[in-house]
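See below for the structure under consideration.
The values are calculated or read from the model by the stated rules, or taken from the named source; none is laboratory data. Worth saying up front: this structure is predicted, and the values here are computed from it rather than measured. Counting neighbours? That spans all protein chains shown, and the Cβs are built from the backbone with ideal geometry, glycine included.
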């Protein structure tokens, strides 16, 4: 049977040559593209980091220069309004980052404690991993869950199932109670608008949108709220915070009806 086999050595040789001409070239091109992307990303990160350090080191000087330029070309009332908005934006973004880090630390600590109680392996490692991935709003902890479940699965498959159930329970507590309250309070944004900002930002810009939209929406919410209160004050109207009824103030007596 072996002696009856006919082998077309020329065809095999042509196939090998075709691979080296096309297939190997494609592999080399793909490898070069990936390496180029990695080097480009690292270069961009280093340049951005150095640039950020320069800005921090010279922030006082830059602040004075920006003030001079704005007062030179804009009216004083416009400059004051812009500076108020910039100050509000700075405080909001700063408080958001602080709240996000606090929420991640709380979630990571919860996982370490509960995994230790249930005697699950890699409790500290998985807790730290989930704390870092939880910096991505709402959905980031799922990345840590996938990696943690995979690690535990390699050790004990049944405990991986217990870990997933534990994660779902803690994630519901974190997503519906802890996150909106901690991050919402840190940026002065009600819980419902925190969830809305995360959903809209994630659908438009992915992870970056999730991180940016919460403080951005908080700034818009605060400016709009202040404007609404200003308009009500001009019309001498006060809204009851409990019933929602309008209370009108008479100009002469000061009584409210």
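From the list 127, 184, 140, the lone residue that is crowded, with 19+ Cβ neighbours inside 10 Å, modelled with pLDDT of 85 or more and either within 30 Å of residue 222 (Cβ to Cβ) or in contact with a helix residue (DSSP H, G or I) (Cβ under 9 Å, 6 or more places away or on another chain) (or both) is 127.
Residue-wise test of (1) assigned to a helix (DSSP H, G or I); (2) more than 14 Å from residue 170 (Cα to Cα).
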site	(1), (2)
87	yes, yes
90	yes, yes
94	yes, yes
98	yes, yes
101	yes, yes
107	yes, no
111	yes, no
120	no, yes
125	yes, yes
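Of the residues making up segment 152-168, those that are assigned to a helix (DSSP H, G or I) and in contact (Cβ under 8 Å) with a residue 12 or more places away in the chain number 8. Take residue 102 and decide whether it is in contact with a helix residue (DSSP H, G or I) (Cβ under 8 Å, 6 or more places away or on another chain) and surrounded by 12 or more Cβ atoms within 10 Å (Cβ to Cβ). In short, yes.
Criterion applied to 152, 178, 147 was being in contact with a helix residue (DSSP H, G or I) (Cβ under 7 Å, 6 or more places away or on another chain) and under 26 Å from residue 192 (Cβ atoms), and the one residue passing it is 178. Of the candidates 72, 35, 52, the single residue that is modelled with pLDDT under 85 and either part of a helix (DSSP H, G or I) or surrounded by 10 or more Cβ atoms within 10 Å (Cβ to Cβ) (or both) is 35.
Going through 133, 89, 116 one at a time, which residue ends up being over 13 Å from residue 167 (Cα atoms) and crowded, with 20+ Cβ neighbours inside 10 Å?
Being over 13 Å from residue 167 (Cα atoms) and crowded, with 20+ Cβ neighbours inside 10 Å holds for just one of 133, 89, 116, which is 133.
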